[in-house]
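K.L.:
The structure is given below, and queries will be raised subsequently.
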Amino acid sequence: MATAAAGEELAVTAELSQLRHWEQEQDTLKKRMVERDQHNEWTLESLKRVGGVDISFIKGDNINACATLVVLSYPDLQVLHEESMMVQLTAPYIPGFLAFREVDHLVTLVRRLEASRPDLMPQLIMVDGNGKLHYRGFGLACHLGVLLDLPTVGIGKNILVVDNLDKESFHAKERAELQHRGDWIPVVGASQTVWGAAVRCVEAAINPVYVSVGHRVSLDTAIKLALATAKHKIPEAVRMADQLSRLFLRKRAGTQ
DNA sequence: GCGACAG
DNA sequence: ATCTTGTCGC
């Protein structure tokens, strides 16, 4: 009993020190994050390839998953390439620390593509998950962008409450102001910091998507990219990555 | 103690 | 994240 309690206490202490370590890692990498259009050889007029990444899971299995990178042509949004692989997720999902669960696998996918088909490398990657819209201003999209030193944009399906944002009044503001495709409102917290934007990408979807800066793009460019690549509620690169990773799991289930 | 909680 | 097809409407 006493030893079990002591073991429990040790485990809790270890978890807390892990989280502190991860926070330090985020703060360190954040210094390399660039929140504006910089060193990009493309503009919205000359952009050719947009990447999208996502990881899908097997029901009831929190470890085995499929990570997918898809490359779409721009502006016609055709699938140029798919890179999918089964991965094992070791770190648990902890809000605010999603990157430590997923980012290494996403980096691997991009490195693989870079090695096999450098001609198909995306000029920008859209991530299923937030960028700056994060408790410490450094979500998965920022993390991936900094590690790769590639432009990234974060796309969230749910608002993450940061900086004492009032969720209810924000949703009320969305309903009032996001009347049509292309409408957007900034996500501004109590400190007046702009963390991202709620963007209505298509007429058919009443609910917006939460766009935030990842790395080497401005919020303005990130919003324009989301709008320019959305055929549905979710911008196509992220939507395709999600769809193809799920398809990969279904095919695999049918085989094995 | 209560609420919040990307994927 | 995941459980899930068709259906109603523009």
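The values are calculated or read from the model by the stated rules, or taken from the named source; none is laboratory data. Please read these numbers as outputs of a predicted model, since none were measured by experiment. Neighbour counts run over all protein chains shown; Cβ positions are idealised from the backbone, glycine included. All accessible areas refer to the heavy atoms of the entire protein, side chains included, with ligands and DNA or RNA removed. Shrake-Rupley method; radii C 1.70, N 1.55, O 1.52, S 1.80 Å.
K.L.:
State yes or no: is A:Arg239 on the phi < 0 side of the Ramachandran plot, open to solvent by 30 Å² or more (accessible area, probe 1.4 Å) and within 17 Å of the chain's Cα centre (by Cα)? Walk me through how you get there before you give the answer.
P.N.:
Numbers: on the phi < 0 side of the Ramachandran plot: yes; open to solvent by 30 Å² or more (accessible area, probe 1.4 Å): yes; within 17 Å of the chain's Cα centre (by Cα): yes.
Answer is yes for this residue.
Residue-by-condition table, conditions (1) within 23 Å of A:Tyr135 (Cβ to Cβ); (2) within 16 Å of DNA strand C (Cβ to nearest atom):
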site	(1), (2)
A:Ala14	yes, no
A:Lys31	yes, no
A:Leu47	no, no
A:Leu72	no, no
A:His81	no, no
A:Ala91	yes, yes
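K.L.:
Now for a different question. Please determine, by comparing only the residues of the range A:165-201 that are out of contact with any Pro (no Cβ under 9 Å at 6 or more places or on another chain) and charged (D, E, K, R), which one is surrounded by the fewest Cβ atoms within 10 Å (Cβ to Cβ). Step through it out loud before you land on a result.
P.N.:
From the range A:165-201, those out of contact with any Pro (no Cβ under 9 Å at 6 or more places or on another chain) are A:165-173, A:175-177, A:179-182, A:186-193; that's our starting set.
When the remaining residues are screened for being charged (D, E, K, R), the result is A:166-168, A:173, A:175, A:177, A:181.
Working: A:Asp166: 12, A:Lys167: 10, A:Glu168: 7, A:Lys173: 13, A:Arg175: 11, A:Glu177: 13, A:Arg181: 14.
Only one residue fits best here, namely A:Glu168.
K.L.:
Continuing with the same structure: Kindly indicate whether any position in the range A:185-195 is on the phi < 0 side of the Ramachandran plot and in contact (Cβ under 8 Å) with a residue 60 or more places away in the chain. Give the steps one after another, and end with the answer.
P.N.:
Within the range A:185-195, the first condition is being on the phi < 0 side of the Ramachandran plot, and the residues that meet it are A:185-191, A:193-195.
If we keep only those that are in contact (Cβ under 8 Å) with a residue 60 or more places away in the chain as well, we get A:195.
Yes; the residues of the range A:185-195 include at least one that is on the phi < 0 side of the Ramachandran plot and in contact (Cβ under 8 Å) with a residue 60 or more places away in the chain.
K.L.:
Here's something else I'd like to know. Looking only at the range A:26-83, which residues are among the small types (Gly, Ala, Ser), more than 17 Å from the chain's Cα centre (by Cα) and at pLDDT 95 or above? Steps first, please.
P.N.:
Of the range A:26-83, the ones among the small types (Gly, Ala, Ser) are A:46, A:51-52, A:56, A:60, A:65, A:67, A:73.
Narrowing further to those that are more than 17 Å from the chain's Cα centre (by Cα): A:46, A:60, A:73.
A:Ser46, A:Ser73, listed by residue number.
K.L.:
Is one or more of the residues making up the range A:16-24 away from DNA strand B (no atom under 15 Å from the Cβ), open to solvent by less than 90 Å² (accessible area, probe 1.4 Å) and over 30 Å from A:Gly254 (Cα atoms)?
P.N.:
The answer is yes; a qualifying residue exists.
K.L.:
Could you grab me the full set of residues in the range A:45-60 that are open to solvent by 40 Å² or more (accessible area, probe 1.4 Å) and over 16 Å from A:Ile125 (Cβ atoms)? Quick ask: steps written out before the conclusion?
P.N.:
To start, the set of residues in the range A:45-60 that are open to solvent by 40 Å² or more (accessible area, probe 1.4 Å) comprises A:45-46, A:48-49, A:57-60.
A:Glu45, A:Ser46, A:Phe57, A:Ile58, A:Lys59, A:Gly60, listed by residue number.
K.L.:
Now for a separate question. Do you know which residues across the range A:165-199 are more than 25 Å from A:Arg36 (Cα to Cα) and not aliphatic (A, V, I, L, M)?
P.N.:
A:Asp166, A:Lys167, A:Glu168, A:Ser169, A:Phe170, A:His171, A:Lys173, A:Glu174, A:Arg175, A:Glu177, A:Gln179, A:His180
K.L.:
Shifting gears a bit: Need the failing condition index for A:Arg216 against (1) of a type in the set (D, E, K, R); (2) open to solvent by 30 Å² or more (accessible area, probe 1.4 Å); (3) under 25 Å from A:Ala99 (Cβ atoms); (4) in contact (Cβ under 8 Å) with a residue 40 or more places away in the chain, just the number.
P.N.:
The single condition A:Arg216 does not satisfy is (2).
K.L.:
Moving on to the next point. If you take the residues in the range A:114-167 that are within 8 Å of DNA strand B (Cβ to nearest atom) and free of Cβ contacts under 8 Å to residues at least 12 places away in the same chain, which one is nearest to A:Leu77 (Cα to Cα)?
P.N.:
A:Val161
K.L.:
Looking at the range A:27-46, is at least one residue at positive phi, within 11 Å of DNA strand B (Cβ to nearest atom) and part of a loop (DSSP other than H, G, I, E, B)? Break it down into steps so the answer makes sense when it comes.
P.N.:
Taking the range A:27-46 and keeping what is at positive phi, we get A:39.
Still in the list and also within 11 Å of DNA strand B (Cβ to nearest atom): none.
Within the range A:27-46, none of the residues are at positive phi, within 11 Å of DNA strand B (Cβ to nearest atom) and part of a loop (DSSP other than H, G, I, E, B).
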